[in-house]
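The values are calculated or read from the model by the stated rules, or taken from the named source; none is laboratory data. These numbers come from a predicted model, not from an experiment. Cβ: placed from backbone, ideal geometry, glycine included. Neighbour counts: every protein chain shown.
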């Protein structure tokens, strides 16, 4: 027998906008357990445009306003924090970019449009036609599956172990989440948005007593800046980990109405990549050298597999964006590797760009978004 349950935000408001914090508190009745992966955030999204004269009005659907096709409505949720029994388990910054990277692992642009899993999350290249919505007052409804640790568990979450689960989101700005495609629209000086009727929903069943630990897939993030041709990107993992994934964006592209801020930008002319653990080559016993991109793409794909198909129960991602050269060079590029399970290691990526490149990071620095995939047992 299954039961449907839902919770409204503890800081309930009629509408939420840029930089608001939204907190959900999930408490189950005694004798119940939350079905693994069943949590969803539901609500309505309404978009507005502001003219150079300062007049704000709802969009009409003809402006070419879009969400990143791999991120969809997740784009508005900048940061997340998950707490279990008053203990913080995961605090993930730059959450939408991580969603984009995982979606690139799981789907090609074609399957984004044709797979019904993605439609309620407003993913796919056609979302510019959807964002106007069918409800004049509220906009367009959405339902997204948050990619957070409490929604990526190895087993159901029993009430006896998980008495109180708190999920917090901090919303981002409209210019981070949205962009205008096509020609410059002189009638728009800025964009804004509202979220309404928000709720966290999940499925419950009767609790089945078990002494087996529940493993939660956690992700942590940090940012470094690439400013030269030879770079040593490193992070120390204080928790158990099994993969490191990175995506990139040039600082000149950030926060423009006409640039997609979730884009995983391609870095041309890479001549050498080496993965090291505590200064020793691992898991590859060799450096990836020219031609580098095939090996880079394969290892990047493997680095995201722990957070991709295996977690969501999707079919094998044979058709995806990462392993396609055209898509990789146009917004689905990254560097990463899967590792043997370990903890408290210094993970390094030595990245060398050819000195003949026309895209020297010294003149246009590149932000490197580093995500460490880990796990915790409770």
Residue 109 vs (1) under 20 Å from the mean Cα position of the chain (by Cα); (2) under 20 Å from residue 198 (Cβ atoms): all pass except (2)
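Which one of these is surrounded by 18 or more Cβ atoms within 10 Å (Cβ to Cβ), farther than 26 Å from residue 264 by Cα and at pLDDT below 95: 59, 22? Talk me through it step by step, then tell me what you get.
Values: 22 fails: at pLDDT below 95.
Exactly one residue qualifies, and that residue is 59.
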In segment 113-135, which residue that is touching a helix residue (DSSP H, G or I) at 6+ places or on another chain (Cβ under 8 Å) and part of a helix (DSSP H, G or I) is nearest to residue 331 (Cα to Cα)? 127
So residue 30 ticks every box in (1) in contact (Cβ under 8 Å) with a residue 40 or more places away in the chain; (2) under 26 Å from the mean Cα position of the chain (by Cα); (3) under 26 Å from residue 154 (Cβ atoms) but one. Which box is left unticked? (2)
Residue count, segment 22-37, condition on the phi < 0 side of the Ramachandran plot and not in a strand (DSSP E or B), comes to 6
Checking the condition surrounded by 13 or more Cβ atoms within 10 Å (Cβ to Cβ) and either at pLDDT below 95 or in a loop (DSSP other than H, G, I, E, B) (or both), which residue from 361, 315 passes? 361
Check residue 284 against each of (1) touching a helix residue (DSSP H, G or I) at 6+ places or on another chain (Cβ under 9 Å); (2) under 28 Å from residue 252 (Cβ atoms); (3) at pLDDT below 95 and name the one condition it does not meet. (2)
Residue 119 passes all but one of (1) in contact (Cβ under 8 Å) with a residue 60 or more places away in the chain; (2) surrounded by fewer than 22 Cβ atoms within 10 Å (Cβ to Cβ); (3) out of contact with any strand residue (DSSP E or B) (no Cβ under 6 Å at 6 or more places or on another chain); (4) over 29 Å from residue 210 (Cα atoms); which number fails? (1)
Where residues in segment 200-219 are over 25 Å from residue 372 (Cβ atoms) and either surrounded by 13 or more Cβ atoms within 10 Å (Cβ to Cβ) or touching a helix residue (DSSP H, G or I) at 6+ places or on another chain (Cβ under 6 Å) (or both), which of them is modelled with the lowest pLDDT? 210
Segment 330-353, subset assigned to a loop (DSSP other than H, G, I, E, B) and at pLDDT below 95, residue surrounded by the most Cβ atoms within 10 Å (Cβ to Cβ): 331
Hey, residue 163 within 14 Å of the chain's Cα centre (by Cα), within 19 Å of residue 378 (Cα to Cα) and part of a loop (DSSP other than H, G, I, E, B) or not: no
So the check is Cβ under 7 Å with 6+ separation or different chains; which pairs have a first residue in segment 283-303 that's within 18 Å of residue 108 (Cβ to Cβ) and a second one that's part of a helix (DSSP H, G or I)? 297/328; 301/105
Which condition breaks for residue 19 when tested against (1) part of a loop (DSSP other than H, G, I, E, B); (2) touching a helix residue (DSSP H, G or I) at 6+ places or on another chain (Cβ under 8 Å)? (2)
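For the subset of segment 183-199 comprising residues that are in contact with a strand residue (DSSP E or B) (Cβ under 6 Å, 6 or more places away or on another chain) and surrounded by fewer than 16 Cβ atoms within 10 Å (Cβ to Cβ), which member is nearest to residue 145 (Cα to Cα)? Full working, then the answer.
Let us first name the residues in segment 183-199 that are in contact with a strand residue (DSSP E or B) (Cβ under 6 Å, 6 or more places away or on another chain), namely 188-199.
The next check asks that each one be surrounded by fewer than 16 Cβ atoms within 10 Å (Cβ to Cβ); those that pass are 189-190, 197, 199.
Working: 189: 32, 190: 29, 197: 16, 199: 12 Å.
Taking the candidates together, the pick is 199.
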With the checklist (1) under 27 Å from residue 71 (Cβ atoms); (2) surrounded by fewer than 18 Cβ atoms within 10 Å (Cβ to Cβ) in hand, flag the one item residue 305 doesn't pass. (2)
